1. Looking only at 47, 135, 69, which one moves most when the chain is put into a Gaussian network model with springs between Cα atoms under 10 Å?
2. Take 182, 210 and order them by how many other Cβ atoms sit within 10 Å, fewest up front.
3. Could you state the number of Å between the C-alpha centres of segment 183-217 and segment 12-30?
4. With springs only between Cα atoms under 10 Å apart, run a GNM on the chain and tell me which of 158, 21, 208 wobbles the most.
5. May I ask you to sort 75, 34, 173, 267 by Cβ crowding, counting other Cβ atoms within 10 Å and putting the fewest first?
6. Modelled label-to-label distance, residue 98 and residue 175, 7 Å Cα→beta-carbon offset: nm?
7. What's the exposure ranking of 61, 186, going from fewest to most Cβ atoms within 10 Å?
8. Sticking with the crude label model, points 7 Å out along Cα→Cβ, report the distance from residue 114 to residue 205 in nm, one decimal please.
Amino acid sequence: MILIIGATGVVGRETVRLLAEQGAKVAAVTRDPHADLPAAAQLVHPAEVATLDGVEAILLSPRAAGATAADLLDHARETGTSRVVVLSAVTVQYPAGLARFRQQFQAAEDIAKRSGLDWTILRCADFAANTLAWAGQIRATGTVRGAYPQARTSTIDERDIAAVAALALTQPHHAGQTYPLTGEQSLSQPDKVTALSAALARPLSFAEATPEEIRRGMLAAGLPEEVPDRLLGSLADYAREAGPTTDAVRRLLGRPARTYASWATDHRAAFTAAGNDCP
């Protein structure tokens with residue numbers, strides 16, 4: 001059995017789907033008993049994780065596991081689990097943004113390395129899915145407002161992360177490896193808006209705003225302070241120096257990383273149909 005912590009996140013959900021398609025037995029940790037996950041997956045409430053037997057590997061999302069990560073992995077080792085794959089951030093290796101955020105990821109990595117399990121670390125660039133936060137603006141006005149338009153990152157399609165995670169969870173030769181996962185194209189926010197415009201066949205624009213304007217807007221929308229802190233801190237640094245670009249996805253999967261343009265095409269409905277926007 002493979003245990004997926006954070007099974008309803010964008011990476012966790014896709015990893016569950018891939019493993020289920022491969023015929024693996026999957027336990028998906030979620031508080032939602034009606035979560036939209038493959039029928040073959042066993043839904044597990046977080047409080048029930050300690051009762052599971054036969055877990056061979058764990059996908060650990062630090063945000064989902066929180067302070068219980070060490071206890072979870074201690075229990076896993078004692079009950080025969082052999083592998084843990086950690087979703088981390090590329091900022092651990094290439095510092096950007098406020099130090100406290102990358103320290104949280106570093107702490108999760110350290111817990112995995114001390115666990116006694118075979119570990120694999122996936123240090124990920126910013127997710128393409130993060131731009132779902134623009135959906136409301138795009139539907140309402142066709143204009144995306146943002147700070148630091150010159151900031152550039154090699155955004156990764158979360159489906160590529162999931163594909164690498166599925167490999168690491170099922171193939172033991174990835175043990176002891178740390179993979180910096182990025183896309184292969186360094187893009188600014190205006191570049192992404194241009195890609196969305198092409199995917200939607202609709203004129204879109206990007207309007208620069210000050211960091212403080214963006215912060216106030218996010219707080220007014222009810223987001224916790226850590227969200228603008230995380231976003232704006234990283235963008236400020238990437239405006240000075242672009243984020244890293246690696247070929248790890250190509251090497252691991254035997255194909256190029258998916259482009260942001262292809263992600264935009266595949267997610268057109270999220271930017272055209274009314275619904276719940278991601279923060």
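Nothing in this text is a laboratory measurement; each read-out follows from the coordinates by a stated rule. Quantities reported herein were computed from a predicted structural model and do not represent experimental measurements. Positions of Cβ are generated from backbone atoms using ideal geometry, with glycine treated the same way; all protein chains shown enter the neighbour counts.
1. Answer for the Gaussian network model of the chain: 47.
2. Ranking 182, 210 by Cβ neighbours within 10 Å, fewest first, gives 210, 182.
3. Taking the Cα centre of each part, segment 12-30 and segment 183-217 sit 32 Å apart.
4. Taking springs between Cα atoms under 10 Å, the residue moving most is 21.
5. 34, 173, 75, 267
6. My value for the distance between the label points is 3.9 nm.
7. On the way: 61 22, 186 16.
Ascending number of Cβ neighbours within 10 Å: 186, 61.
8. For residue 114 paired with residue 205, the spin-label model returns 5.3 nm.
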